[in-house]
Amino acid sequence: MAGNLKSIQRKGSEIAEKRGTEESPVVKWTLISLAVLFAVLFLLLPLLNVFYQAFHSGLQVYLDSLRDADSKSAIILTLKVAAVTVPLNVIFGLAAAWAIAKFDFRGKSLLNTLIDLPFSISPVVAGAMYILVYGVHGYFGPFLMKHDIRVIFSTPGIILVTVFTTFPFVARELIPIMQSTGTEQEQAALTLGAGGFRTFWQVTLPSVKWGIIYGVILCNARAMGEFGAVSVVSANVAGETQTIPLRIDSLYLESKTAAAFALASILAVLALISMAIKTYFEWKTEREEALAQMVVEEPS
Amino acid sequence: MSIELKNVSKVFGQVAAVRNVSFSVKDGELVALLGPSGGGKTTVLRMIAGLEVPTSGDILIRGQRVNDIRVQNRNIGFVFQNYALFKTMNVFKNIAFGLKVKKWKKPDIEERVQSLLELLDLKGMEKRFPHQLSGGQRQRVAIARALAPKPSVLLLDEPFGAVDAKIRQELREWLVHLHDDFNVTTLFVTHDQEEAMEVSNRIVIFSKGNLEQIGSPREVYEQPSNEFVARFIGVMNVLEAMVEGGIARVNELEFPTPDLKNGEKIKIGFRPYAVQISTDLALYRYRGVLRHTFFLGILLRLELELPSGQILRSRITKEEYAILGLKDGMEISCQIKQFRILSTENATLTAEITPNLPAPLPLGEGI
């Protein structure tokens, strides 16, 4: 009796919840299973496999392959590249976002489009472009040779192409934030007597703080993981011009699978941490926005 | 003179936002800049603040020409339409910002902020962030922040635009009280004529970048200088009429205009209170039907329809309505006791005309 009643109630509430625009359950569940299947097959399994392969031959092998001198030097070079690229990207991103969001000038939309260029150009082409400019036979080649400066096949070249490929990250994060904030807070600071310097540090920067952090995370992940562009301008010399992705590639070609996946697992962990932080910030901003929507009771 | 504008113009690209505006505001006055949107009133306010630079003309604050003085050094308080509170700072830090800039000592800042919090009924809100406040509270924080560094002039851009009607009324009263307490010269921009009439000592009316009139609320209501002002301030019946034999006619309505030529087309304007109504159908000249009654509170607005279909708007008090025993759909008689000839816009208006008409019955007569 009671069970019967419950099932009737459930049925009733299901009917009440169904909206006119809803698809039939068959379509709904087919689509959901398809999406989940693809995600598991193409994203999750390969990722898990990285860790499986890395630890497959035991923890000792894993640690040894990370202690290898060439792998160590790859990690250090990668950190160096990121350490130079990320701050440059922040400075450029702030300047570009400020210019696009707060000023009107000729060629603004061109600049806006140009920022996205690295997203649409293949990284290999980006690398080739730099060889054409800084390589031995490039425009600046003779000049650089004369002054004994090596750009291509050396660290500066790797940094240059990484800067290129990560160009849009911080700017793309900041532009919408700055556009929506407008300039009123800065104007308010001015009417209160504040100068440009104080206004920037105390008003502008704090209001785009999350955007910067978010942009830095994405930029950093990309800077460390870039392969195509770097492989073109790096001579791929183990222990000298190999970054982590290049090192993984050459280890794999040498059939040192465990070592390759050990290094790969470091990049994968980095990616996972980035994703986690990103999700946390998204959740945080969402919550803040929800909070802002709430009308607080006026005290009587 | 606290603020003086001399022939100030502002051109944005091809558009003249403000044209040759001159007016002055006395020390301690509370002045409304009123006009429809796009009238140039906000631009005038921003020029006084120094957020916009005038294309030509001079702006003086306390006798000093400030055209070349930067916003930071003008010693003004500015309240933005959307408050522009610093969203990463709490209420206390928002209000203290201007004081820190001016290098006040810590205990002095503490004291000043606390007294403002008390005055603006924001006690206990110090630690809250702007997004945790209601619209009215945000507005008061914005006012407190602007007042904190003791500005010589307080400028408010559409200060009550973004809050709901009830809070709006409260804030209007706040503004008047604050003005009384601080006695700081205050200018505020509004497009709401009622708000301007209620709050300010004087009103400056703008339209399309031109200053149309400046005067006390009573002056601009009773002696509008042109048709724009007459129509913008308060409700007005405006009819287009043709003069024939010294009489302007609109349907069955006739207005004596002995000085005008035959065939001249004019506009006639009269306030709703000038339309007198009686249930005695023989008392007044025109017959009509009461189509609809709008309740405005103590006053009621009536929509009358004449046999020709001409609609007139009238206004009477609740008591009068009750005594006359009016109801929608009732037949009435009416007359227009005062009217104006509204010529073209910008032209100066002639005085109001009071034709010789029978006086209304005093209330309660015949009891």
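Accessible area of the range A:57-287 with a 1.4 Å probe: how many percent of it is carbon plus sulfur? Please report the intermediate quantities before stating the final value.
Working: 7770 of 11490 Å².
Carbon and sulfur together cover 68 percent of it.
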(Q) Can you give me the % of accessible surface on chain B that is carbon or sulfur? Probe 1.4 Å, all protein chains present, nothing else counted. (A) 50 percent
Q: May I ask you to evaluate 6.51 cos²θ - 1.76 cosθ + 1.60, the Karplus curve with θ = phi - 60°, for each residue of the range A:194-209 and list the ³J(HN,Hα) values in order in whole Hz, giving x for glycine and proline?
A: 6, x, x, 5, 4, 4, 5, 6, 9, 10, 5, 4, x, 6, 10, 3
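Let me confirm one metric for peptide B:129-140, namely the mean number of other chain beta-carbon atoms within 10 Å of its residues' beta-carbons.
Details: counts 3, 1, 8, 4, 4, 6, 3, 1, 4, 1, 0, 0.
What the average comes to for B:129-140 is 3.
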Q. Under a 5 Å amide H to amide H cut-off, with H placed in plane at 1.01 Å, what residues pair with B:VAL79 once short-range neighbours are removed?
A. B:LEU155, B:LEU156, B:ASP157
Q: Show the residues, 5+ positions off or on another chain, whose built amide H is closer than 5 Å to the amide H of B:ASN210.
A: B:ARG19
Q.
Quick check: residue separation of B:LYS327 and B:ASN183 times 0.36 nm, minus the Cα distance between them. What number comes out in nm?
A. 47.0 nm
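When ligands, DNA and RNA are left out and all protein chains stay put, how many square angstrom of accessible area per residue does chain A have with a 1.4 Å probe? Each step should come with its number before you reach the end.
On the way: 17770 Å² over 300 residues.
Using a 1.4 Å probe on heavy atoms only, each residue of chain A averages 59 Å².
With a 1.4 Å probe on protein heavy atoms only, work out how much accessible surface B and A bury together, total over both chains, in Å² to the nearest 100. Can you show the working numbers first?
Details: alone 18110 and 19010 Å², together 34700 Å².
Buried: approximately 2400 Å² between A and B.
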**Q.** Probe 1.4 Å, all protein chains present, accessible-area order of B:ILE233, A:ILE273, B:ILE247, largest first
**A.** A:ILE273, B:ILE247, B:ILE233
Q) Once phi is turned into θ = phi - 60°, what whole-Hz ³J(HN,Hα) does the Karplus curve with 6.51, -1.76 and 1.60 give for every residue of the range A:277-288, x standing for Gly and Pro? A) 4, 4, 4, 4, 5, 4, 4, 5, 5, 4, 5, 4
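What is the sum of charges, Lys and Arg at +1 and Asp and Glu at -1, for the other residues whose Cβ falls under 13 Å from the Cβ of A:THR162?
Details: positive: A:LYS80, A:ARG222; negative: A:GLU226.
With Lys, Arg at +1 and Asp, Glu at -1, the net is +1.
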Q) At a probe size of 1.4 Å, how large is the accessible area of B:LEU171, to the nearest 10 Å²? A) 0 Å²
Q: Just read off the accessible area of A:THR162 with the full protein assembly in place, 1.4 Å probe, to the nearest 10 Å².
A: 0 Å²
Q: Search the structure for amide H atoms under 5 Å from the amide H of B:ARG285, placed 1.01 Å from N in the peptide plane, and list their residues when 5 or more places away or on another chain.
A: B:CYS334
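What average count of beta carbons from other chains do you get within 10 Å of the Cβ of residues in B:77-90? Working shown, then result.
On the way: counts 2, 5, 2, 5, 1, 3, 3, 11, 3, 9, 7, 9, 5, 0.
Mean inter-chain Cβ contacts per residue within 10 Å come to 5.
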Q: Treating only the Cβ atoms of Lys and Arg (+1) and Asp and Glu (-1) as charged, compute the dipole magnitude of the range B:3-224 about its Cα centre; round to the nearest 20 debye.
A: 1100 debye
Q) Can you pull the accessible area of A:TRP283 for me, 1.4 Å probe, Å² to the nearest 10? A) 140 Å²
Q: Determine ³J(HN,Hα), in whole Hz, for all residues of the range B:159-168 in sequence, where each value follows from phi through the Karplus function 6.51 cos²θ - 1.76 cosθ + 1.60 and θ = phi - 60°; x replaces Gly and Pro.
A: x, 10, x, 9, 10, 6, 4, 5, 4, 4
**Q.** Equivalent-ellipsoid semi-axes of the range B:241-287, from the Cα gyration tensor, Å, largest first
**A.** 24, 12, 8
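Given the rule -39500 (n - 2.57) for each run of at least 4 DSSP H residues, summed and divided by the residues of chain A, what is its mean residue ellipticity at 222 nm, to the nearest 500 deg cm²/dmol? List each step's numbers first, then the result.
On the way: 17 runs with 222 residues, N = 300.
The helix contribution divided over chain A gives -23500 deg cm²/dmol.
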Q. Label 7 Å along Cα→Cβ of B:LEU296; the range B:249-280 residues with amide nitrogen under 19 Å?
A. B:269-278
Q: Would you give the gap between the C-alpha center of the range A:117-142 and the C-alpha center of the range B:10-56, rounded to a whole Å?
A: 54 Å
Q: For B:GLN169 paired with B:ARG218, estimate the spin-label separation in nm (one decimal), with each label point 7 Å from Cα along the Cα-to-Cβ line.
A: 2.5 nm
**Q.** Centroid-to-centroid separation of the range B:252-318 and the range A:39-60 [C-alpha atoms, Å]
**A.** 87 Å
(Q) Can you compute the modelled spin-label distance between A:GLN60 and A:SER33, with each label point 7 Å from Cα toward Cβ, in nm? (A) 4.7 nm
Q) Using 7 Å Cα-to-Cβ label points, what is the A:TYR52/A:LEU79 separation (nm, one decimal)? A) 3.2 nm
Q) Rounded to the nearest 500 deg cm²/dmol, what is the calculated helix-only ellipticity per residue at 222 nm for chain B, with -39500 (n - 2.57) per DSSP H run of length n ≥ 4? A) -7500 deg cm²/dmol
Q: Might you tell me the accessible area per residue for the range B:3-224, computed with a 1.4 Å probe and given in Å²?
A: 42 Å²
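Filter the trypsin sites (Lys or Arg not before Pro) in the range B:201-305 to those in DSSP coil with at most 11 other Cβ atoms within 10 Å of their Cβ, and list the result. Don't skip to the end; give the middle numbers.
Numbers: sites: B:ARG202, B:LYS208, B:ARG218, B:ARG231, B:ARG249, B:LYS261, B:LYS265, B:LYS267, B:ARG285, B:ARG287, B:ARG291, B:ARG301; in loops: B:LYS208, B:LYS261, B:ARG285.
Sites meeting the loop and neighbour criteria: B:LYS261.
If the limit is 22 Å between Cα atoms, which of A:LYS80/A:LYS284; A:LYS209/A:LYS278; B:LYS26/B:LYS150; B:LYS10/B:LYS41; A:LYS278/B:LYS127 go over it?
Working: A:LYS80/A:LYS284 31 Å; A:LYS209/A:LYS278 13 Å; B:LYS26/B:LYS150 18 Å; B:LYS10/B:LYS41 11 Å; A:LYS278/B:LYS127 28 Å.
Going by Cα-Cα distance, A:LYS80/A:LYS284; A:LYS278/B:LYS127 fall outside the 22 Å limit.
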Q) For B:GLU194 and B:LYS26, what is the calculated FRET efficiency with R₀ set at 30 Å and r taken between the beta-carbons, to the nearest 0.05? A) 0.80
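Sort B:137-147, B:157-167 for me by packing, meaning the mean count of neighbouring Cβ atoms within 10 Å per residue, highest on top. Don't skip to the end; give the middle numbers.
Working: B:137-147: 25.0, B:157-167: 17.3.
Listed from highest to lowest mean packing, they are B:137-147, B:157-167.
Other chains near B:267-274: what is the mean number of their Cβ atoms within 10 Å of each residue's Cβ?
Numbers: counts 0, 0, 0, 0, 0, 0, 0, 0.
Across the residues of B:267-274, the mean count of other-chain Cβ atoms within 10 Å is 0.
The values are calculated or read from the model by the stated rules, or taken from the named source; none is laboratory data. Model, not experiment: these values are computed from the prediction. Methodologically, a virtual Cβ is constructed for each residue, glycine included, from the backbone with ideal geometry; neighbour enumeration extends over all protein chains shown. Accessible surface is based on the protein model in full, side chains and every heavy atom, while ligands, DNA and RNA are left aside. Shrake-Rupley method; radii C 1.70, N 1.55, O 1.52, S 1.80 Å.
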